[in-house]
Amino acid sequence: MSPKFSPASSVLPLLATGLTLLVAGCGTDDIQFNGGIFDAVGLSDAGKTKTTQPKLAERAPLVVPPTLDRLPTPGEAPVAPAQIADINDPDVAKAKSRSELEAQQEEYCRKNFDDARARGDDSAYSVEGPLGPCRPSVLTAIKKWNNSGDDADAQ
């Protein structure tokens, strides 16, 4: 017996091909997720449309280069003007203030923590200096260890 030809059997593959092409024509750009839950998960386009400028610190103004007649001749040591010596560098001031605070912390802890601990006073462990508690701990040891590595790299 030969198989019988039916019109429905030839239409089904054409229908499946047509539906596949129709669905493939839809891109993901056309699909939008709206709602609070999609905003929270990050699937909606609400957060993508907002472009915010990053907040940056204000920059120093540009310095105009000197004229060519004020430049020193090659091989001659430049003369340092007095203006450069008067500049207050915030990084140098921060390093000075940090070293001063460390000296104050050392003196304060030696006076208030070490003496009280030598007397056997248990309230010595609650003493705090300018940079924090005087009692030794694992965290302060790690902090000192990390800072000492940074100082060695800077030199």
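Worth pointing out:
- For segment 84-132, the set of residues classified as farther than 17 Å from Lys144 by Cα and not in a helix (DSSP H, G or I) consists of Asp86, Ile87, Asn88, Asp89, Arg119, Gly120, Asp121, Val127, listed by residue number.
- Long-range neighbours under 8 Å by Cβ, at least six apart or interchain, first residue under 11 Å from Leu101 (Cα atoms) within segment 127-141, second among the acidic types (Asp, Glu): Leu131/Glu102
- Within segment 109-129, the set of residues being exposed (fewer than 15 other Cβ atoms within 10 Å of the Cβ) and not aliphatic (A, V, I, L, M) comprises Arg110, Lys111, Asp114, Asp115, Arg119, Gly120, Asp121, Asp122, Ser123, Tyr125, Ser126, Glu128.
- Of the numbered criteria (1) modelled with pLDDT of 80 or more; (2) part of a helix (DSSP H, G or I), the one Ala57 fails is (2).
The values are calculated or read from the model by the stated rules, or taken from the named source; none is laboratory data. The model shown is predicted, which means the values in this text are computed figures rather than measured ones. As a convention, Cβ positions derive from the backbone with ideal geometry for all residues, glycine included, and neighbour counts pool all protein chains shown.
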